[in-house]
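*Asks:* What follows is a single structure, and I will ask about it in a moment.
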Amino acid sequence: MKIEITNLKLAVAFVAILTSAACFAQSTPEPDVAGDLKLVVYHDANCGCCGKWMAHMRENGFAIESVTKSDINDVKQKLGVPQPLRACHTAIVNGYVIEGHVPAADVLRLLKERPDARGLSVPGMPMGSPGMEYDGRRQAFNVVLFDAAGKTQVFTRYPALFE
């Protein structure tokens, strides 16, 4: 009889442990994507828009390591940024390349979805993109996803805004 009660107690304890673990797993919130993220940003020391873009990223939860380079094109070449997608600054976050004035929301989406890609780019320096704000106006621009072979697709479209 003692053996049966002990086995029953063990079974009840085991079920209680499993139930507690399941409840904990369900109640644990999804981690904040930007929690411990660090952007390493390569840029020219004399570029003001790069500093404004870094401020935008900080405001959205990213830690920034700023690296000034005299030959930024060398960095872009080494990181595999296709020539038509190049812009003024280049960043690395969690293995992805972020080229130009990519909005923080798109970087967060990239990190959440984790596509098989090299990174994101906003080619050129479109007015109204983060770091290029001007009087409430924005040129239409696309955030482009690119892979190691240089294949591209539109990740996000931003329409023009003229206030």
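The values are calculated or read from the model by the stated rules, or taken from the named source; none is laboratory data. Fair warning: this is a prediction, and the values are worked out from it, not measured in the lab. As a convention, Cβ positions derive from the backbone with ideal geometry for all residues, glycine included, and neighbour counts pool all protein chains shown.
*Asks:* In this structure, is Leu120 closer than 20 Å to Glu65 by Cβ, surrounded by fewer than 18 Cβ atoms within 10 Å (Cβ to Cβ), aliphatic (A, V, I, L, M) and within 17 Å of the chain's Cα centre (by Cα)?
*Replies:* no
*Asks:* Can you tell me which of Asp106, Asp135 is closer than 24 Å to Cys47 by Cα, acidic (Asp, Glu) and surrounded by 15 or more Cβ atoms within 10 Å (Cβ to Cβ)?
*Replies:* Sole residue among the options that is closer than 24 Å to Cys47 by Cα, acidic (Asp, Glu) and surrounded by 15 or more Cβ atoms within 10 Å (Cβ to Cβ): Asp106.
*Asks:* Which one of the conditions (1) assigned to a loop (DSSP other than H, G, I, E, B); (2) closer than 21 Å to Tyr42 by Cβ; (3) within 12 Å of the chain's Cα centre (by Cα) does Pro115 fail to meet, given that it meets all the rest?
*Replies:* The one condition Pro115 does not meet is (2).
*Asks:* I'm checking my understanding of the structure. Among residues of the stretch 32-74 that are at pLDDT below 95 and aliphatic (A, V, I, L, M), which one is nearest to Phe146 (Cα to Cα)?
*Replies:* Ranking the candidates gives Ile72 first.
*Asks:* Taking Asp106, is it touching a residue at least 40 places away in the same chain (Cβ under 8 Å), of a type in the set (Asp, Glu), outside any loop (DSSP other than H, G, I, E, B) and assigned by TED's automatic domain parsing to the domain that holds Ala149?
*Replies:* Values: touching a residue at least 40 places away in the same chain (Cβ under 8 Å): yes; of a type in the set (Asp, Glu): yes; outside any loop (DSSP other than H, G, I, E, B): yes; assigned by TED's automatic domain parsing to the domain that holds Ala149: yes.
Yes.
*Asks:* Another question, if that's okay. Considering only residues that are within 15 Å of Cys49 (Cα to Cα) and part of a strand (DSSP E or B), look in the stretch 118-137 and name the one that is modelled with the lowest pLDDT.
*Replies:* Looking at residues that are within 15 Å of Cys49 (Cα to Cα) and part of a strand (DSSP E or B), I get Tyr134.
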